[in-house]
Amino acid sequence: MEIKQVVIHELIKHSGTTTISTKPAGKLLNFDSPLVNELVVELNKLYGTKGNNAIYGTFSRKDVTNELPGYTDQYLKNESDDQFLSLSVRCMAELAREAGAQQSATGGYIVFARYKEQHDFLLIAMIKDKQGLQVNNDLEPVGITAIDLSKIHQAARINLNLYDKVSGSEENPGDDEAKTYLSFVSPRTNHDVSGYFIKALDCSDGIPAAKATQIAFATVDAFCQSSQDLKPLRAKVKDSLIVYLKTCLQNKEPATLSGIEHAIRQVVPANKHALVEGFSEFANNEEHQLPEAFGVNGAKLKTYTRIISKTNDWELSFQRKALGINEDSELRYDKDRGLLTIRCSDDLKKQIEDELK
């Protein structure tokens, strides 16, 4: 990991009051410090893990009074230490404004970190437990005893590689690709009081139901293909996922990562259940970005279900999305002639040719 810039500020507020203040740091931290390095590594490692899953989206840019997106753009034009410190102080002002309007909100240490691992990230994380993170009067870490999921009260992270790609393109901001660069996490026990953090950082859940439904199938298939033991079960796992998503749609309930994991387990032998343990982290990472919870799109789900027909001599079963009327369709339907033409795979061609011989 390459750490570029880090600073810690303090947000001071007690639950049940609207009185709030901030204690900003006067300078950035020395990222060569072992404690600073450990802090950023631990926060990155715990971000988006099971029980602390990320919601992927974008800046909403709907509240004209929230200038954080603009401050971020300014910083990325001149990525100096001064600009980073200025961005963090301005962000603290947004946090103080929103937290002051919510009595149940409380303060904590706010860590701002710019670093590069697989991607270039800007992380903003709130740490509540002052025993887990100990700082001196200059807001420099002097001790890190135990940072676990419960200590990350809430956090947001911007994938700057994607953000630069989206903001620098002329694509429609509503396109699917434009809805992936920002993510937000909060422990489930803290969802009720995390609203001000989301609002202050202008986070917006930006993955529509149709896209999330599509991601679910692609992610589950990739997960099965990542394991030699799960690969032979891909078809059964997919059918189980379809049943689960249909149930969610019928009950008007969101699909969840835990629900999908349970659907996978239902068709995986008990002695191989350990292989499913890492599904949540696999699905919710930067590569796949499957939300912790999402609405199921009925039209998109239908494309993954099968059309089945059989006679005494043959049986046909295929996904609806394989059907088309164009020459390049895997299964081409000719309405006028009442014919279905199948584009044969090499394996099917061989079986047919061997039989005809």
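The values are calculated or read from the model by the stated rules, or taken from the named source; none is laboratory data. The shown structure was predicted, so the numbers you read here are calculated from the model rather than taken from an experiment. All Cβ positions, glycine included, derive from the backbone under ideal geometry; neighbour counts span all protein chains shown. Keep in mind that these areas ignore ligands, DNA and RNA; they rest on the heavy atoms of the full protein, side chains included. Shrake-Rupley method; radii C 1.70, N 1.55, O 1.52, S 1.80 Å.
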Derived scalar couplings ³J(HN,Hα) [the range 305-318; Karplus, 6.51 cos²θ - 1.76 cosθ + 1.60; whole Hz; x for Gly, Pro]: 7, 10, 9, 10, 8, 8, 10, 5, 9, 8, 9, 10, 9, 8
Accessible-area composition of the chain, carbon plus sulfur, in percent [1.4 Å probe]: 48
Accessible area of M1 in the full protein assembly, 1.4 Å probe (Å², nearest 10): 90
Mean ellipticity per residue at 222 nm, deg cm²/dmol - from DSSP H runs of n ≥ 4 across the chain, formula -39500 (n - 2.57): -10500 deg cm²/dmol
The range 288-357 - Debye-derived log10 I(q)/I(0), Cα point model, q = 0.12, 0.13 Å⁻¹: -0.50, -0.57
Sequence ranges 239-252, 328-341, ranked by mean other-Cβ count within 10 angstrom, highest first: 239-252, 328-341
Debye log10 I(q)/I(0) at q = 0.09, 0.13, 0.17, 0.20 Å⁻¹ for the range 1-148, Cα point scatterers: -0.28, -0.61, -1.10, -1.51
Radius 14 Å from Cβ of V267, net charge of other residues (Lys, Arg +1; Asp, Glu -1): +2
Qualifying lysines (Cα of each under 18 Å from Cα of K238; at least 8 residues distant if same chain): K211, K246, K272, K300, K302, K321
Heavy-atom accessible area per residue - the chain, 1.4 Å, Å²: 53
Cα Rg over Rh - the range 276-329, Kirkwood: 1.17
Summed side-chain charge close to S21 - residues other than S21 whose Cβ falls under 10 Å, Lys, Arg +1, Asp, Glu -1: +1
Percent RCO, i.e. relative contact order, over the chain, from Cα pairs under 8 Å lying at least 6 residues apart: 17
Base-10 log of normalised Debye intensity for the range 205-357 (one unit scatterer per alpha-carbon) at q = 0.10, 0.14, 0.19 Å⁻¹: -0.46, -0.82, -1.19
Distance histogram in 5 Å bins (all Cα pairs of the range 44-101, percent per bin): 4, 16, 18, 18, 23, 18, 5, 0
Under the Karplus curve 6.51 cos²θ - 1.76 cosθ + 1.60, θ = phi - 60°, whole-Hz ³J(HN,Hα) for the range 122-127, x wherever Gly or Pro sits: 10, 10, 10, 10, 9, 10
Set of lysines with alpha-carbon distance to K4 below 26 Å, sequence-local pairs under 8 removed: K23, K27, K45, K77, K116, K128, K130, K151, K165, K179
Karplus 3J(HN,Hα) series, Hz, for the range 294-299 with 6.51 cos²θ - 1.76 cosθ + 1.60 (x for Gly, Pro): 7, x, 8, 8, x, 5
Over the chain: Rg over Rh, Cα atoms, Kirkwood Rh: 1.07
